[in-house]
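I have placed the structure first, in the form of structure tokens, so that the comments after it can refer back to it.
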Amino acid sequence: MSKPKHQQISPSALFCRAIGIPPVASIEVEGDGHCCALCGLDLPNGTPANPAARRVDSATFNNRRDLASKMSPYICGDCEASWGDTYRNPPYSCSISTKDGLFPIFSRQDISWFLVNPPEPPFMMQFSNARMQPMIWRGMVTFDRNFIQIRIGEVPMTIRRPVLLKAYERNRLVTEAYAEWEHARRLEEHEEARRQLLQKAIEKADAKAARSGKKRGEVSVKEGKIPERLDPYRHVFKSLEYNMKATEPQALSHGIMMPRFEEFLRETGRTDDLELLNSLSVGEYWALGALLKQPLDSLTHPPSADRWIVLNEAKKAAKAAAAEGEVA
Ligand SMILES: [Zn+2]
């Protein structure tokens, strides 16, 4: 039975431990060399497991291409426990699973917090973009805080955290410099237009003076509207998509630099910035879009603790225990 060698920790196990649900098993693995059909976890002889057929041979199962092993007759206890419809929808399907619990990530602000301050690995980040999308067993486990793996909808993605943070900073500097550059260019155009107007007025006045034989007087033209300073663009790209639905036309411009910025970077010799901002991964452009939603220095506090799903359960248990204490 083929199995992925890199799989050290099952995404389903991470998820189930995060929300505190136990594995489910109905049979035992017979023989050696088996792995979970869904997540690829090693399943040695005698391991409590479940038959794969009931899940992966059903007419409604259309993720065969994503199976860790298409031939395995078993699925592991955690994949079985996290199979249900409940877990294919928010809050579970847009979340980060850590040893402290599961945190729903819907807002760009929450996503930004975890990208800038990733929890201790291993953890699993996922962001579904459709209802009923199986995410957990297809989850991407992150082992390195600087190399974040995330599944966004149907697509597994990677985010190099140092590159992302550098791109965030360079994007800011480039957009600010562009605003200055563009302002200077418009001022120059304005000056040139005014110079030409004045020139014409002088020629006209000179001709008139020549005809009348009188000396030409002082010539002036109106100042006109002086170009105002521009607010910097938020970013240099045509778009930075959030939901990453490939069917939407704007997704085609995700992470594509606007020609005006390309021209600016070339003309001003900023080739390092041009190269960096043009070479992010699809996931890094997504992450950059989230980071740009707020100033990074506003992310001073972690998202509120009562939104952790396991912490919620712990709180409930503590409340119940306190209530029982009162009764007794
Ligand atoms: Zn599994």
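The values are calculated or read from the model by the stated rules, or taken from the named source; none is laboratory data. Computed from a prediction, not measured in an experiment: that's the story for all the values here. Positions of Cβ are generated from backbone atoms using ideal geometry, with glycine treated the same way; all protein chains shown enter the neighbour counts.
What to note about this one:
- The residues of region 49-74 that are in a helix (DSSP H, G or I), within 13 Å of the ligand (Cβ to nearest atom) and over 17 Å from P23 (Cα atoms), listed by number, are V56, D66.
- Here region 95-111 is the region considered, the condition is being buried (at least 22 other Cβ atoms within 10 Å of the Cβ) and within 17 Å of the chain's Cα centre (by Cα), and the residue that is nearest to the ligand (Cβ to nearest atom) is S97.
- From the list G77, G46, G153, the lone residue that is over 19 Å from G20 (Cβ atoms) and assigned by TED's automatic domain parsing to the domain that holds R17 is G46.
- Any hit, region 262-271, residues being in the same structural domain as R172 (by TED's automatic domain parsing), assigned to a helix (DSSP H, G or I), within 28 Å of A193 (Cα to Cα) and of a type in the set (A, V, I, L, M): yes
- Which numbered condition E192 fails, given (1) part of a loop (DSSP other than H, G, I, E, B); (2) surrounded by fewer than 11 Cβ atoms within 10 Å (Cβ to Cβ): (1)
- Yes/no for R172 being surrounded by 14 or more Cβ atoms within 10 Å (Cβ to Cβ), closer than 27 Å to R234 by Cβ and out of contact with any Lys or Arg (no Cβ under 9 Å at 6 or more places or on another chain): yes
- Filter pass, D85 being away from the ligand (no atom under 15 Å from the Cβ), touching a residue at least 24 places away in the same chain (Cβ under 8 Å) and loosely packed, with under 12 Cβ neighbours inside 10 Å: yes
- Some residue of region 160-182 being in a helix (DSSP H, G or I), of a type in the set (G, A, S), modelled with pLDDT of 95 or more and under 28 Å from E223 (Cβ atoms): yes
- Members of region 158-184 that are farther than 13 Å from N278 by Cα and among the polar types (S, T, N, Q): T158, T175
- Residue check for L41: more than 10 Å from the ligand (Cβ to nearest atom) and buried (at least 18 other Cβ atoms within 10 Å of the Cβ): no
- Of the residues making up region 89-111, those that are assigned to a loop (DSSP other than H, G, I, E, B), over 13 Å from Y242 (Cα atoms) and without any contact (Cβ under 8 Å) to a residue 40 or more places away in the chain number 1.
- Filter pass, E180 being within 19 Å of E262 (Cβ to Cβ), surrounded by fewer than 17 Cβ atoms within 10 Å (Cβ to Cβ) and over 19 Å from the mean Cα position of the chain (by Cα): yes
- D32 being in contact (Cβ under 8 Å) with a residue 24 or more places away in the chain, of a type in the set (D, E) and over 20 Å from S93 (Cα atoms): no
- Restricting region 272-301 to residues that are small (G, A, S) and assigned to a helix (DSSP H, G or I), the residue that is surrounded by the most Cβ atoms within 10 Å (Cβ to Cβ): A287
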